[in-house]
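Heads up, the thing below is written out as structure tokens.
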Amino acid sequence: MRNWWERNVLRREGIAALVRRLDNEPVIANLGPATFDLYAAGDRDANLYTWGAMGLVSSIALGVALAAPDRKVFVTDGDGSLLMNLGSLATIARQAPPNLVHIVWDNQMWFETGGQPTHTSTGTDLGGIARAAGIPNVARAATVEAFEEALDQAIREPGPWFIHVDIEETGEPRQRPKVVVEENLVKFRRTFTG
């Protein structure tokens, strides 16, 4: 049970905690705030920013995890984006990549399209859907400490992993990273080929 003074995770805190734990592991970020916060936490060649690919980041990360089975692959998704591609959870479960860690930041809204409430705001349980799809390792976190604990376990243990994180949306303006899509993709690919 949480105390009254505790708040949900801020996405930027969670992404910063993730980046602090990484060397050259790939991170594929959903469009919008997930990309902005990943870039702010430290632009790395192993970061892939998926501009304009709403709903596809989980599928892209699955492809990367299958193509690079010797590397842990992290995906930072949003609840609205995942709801647009729920079938990816069944495909991830079927393919069962042990190196994939799927992190979903749940702000209960489609933030990029105007803040309309998503189904999670009325009780849809994305972790329950992931579990029912066959993903064996599902965790839920509502504090930074709980997220870091789940993340550390996912880093140590084989997956696939699904970490559902309840977040607060601060509404603060974010500066769009000065990243050229094609250059980002070339740098990202280079982390696999040397």
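What follows is calculated from the coordinates using simple rules that are stated; it is not laboratory data. Just so it is clear, the model here is predicted, and its values are computed rather than measured. Every residue, glycine among them, receives a Cβ derived from its backbone with ideal geometry; neighbour counts consider all protein chains shown.
Looking at region 9-193 only, what percent of DSSP beta bridges run antiparallel? Nearest 5 please. Given both bridge residues lie in region 9-193, the antiparallel proportion sits at roughly 5 percent. Each label point was placed 7 Å from the Cα along the Cα-to-Cβ direction; for Glu157 and Thr170 their separation is 3.2 nm.
Take the alpha carbon gyration tensor of the chain, find the square roots of its eigenvalues, order them as a ≥ b ≥ c, and report rounded if a/c is under 1.5; if not, report prolate when a/b exceeds b/c, else oblate.
Working: a/c = 1.38, a/b = 1.15, b/c = 1.21.
The shape class here is rounded.
Amide H contacts of Ile28 (H built 1.01 Å from N, in plane; Pro and chain starts excluded): Leu48, Phe74, Val75, Thr76 sit under 5 Å, all sequence-distant by 5 or more or on other chains.
Which FRET efficiency value, to the nearest 0.05, is calculated for Thr91 and Arg190 with the Förster distance at 30 angstrom and r the Cβ-Cβ distance? Mind showing how you got there, number by number?
Values: r = 27 Å, r/R0 = 0.90.
Efficiency, rounded to the nearest 0.05: 0.65.
Label positions at Asp125 and Glu183, each projected 7 Å from the Cα along the C-beta direction, are separated by 4.6 nm.
Pairs of alpha-carbon atoms within less than 8 angstrom and 6+ residues apart define the contacts here; what relative contact order does the chain have, in percent? Walk me through the intermediate numbers first.
Numbers: 349 pairs, mean separation 50.0, N = 194.
The normalised contact order for the chain reaches 26 percent.
Only one residue of Leu89, Tyr39, Val27 has its Cα farthest out toward the positive end of the dipole of region 1-108, where Lys and Arg carry +1 and Asp and Glu -1 on Cβ, and that residue is Leu89.
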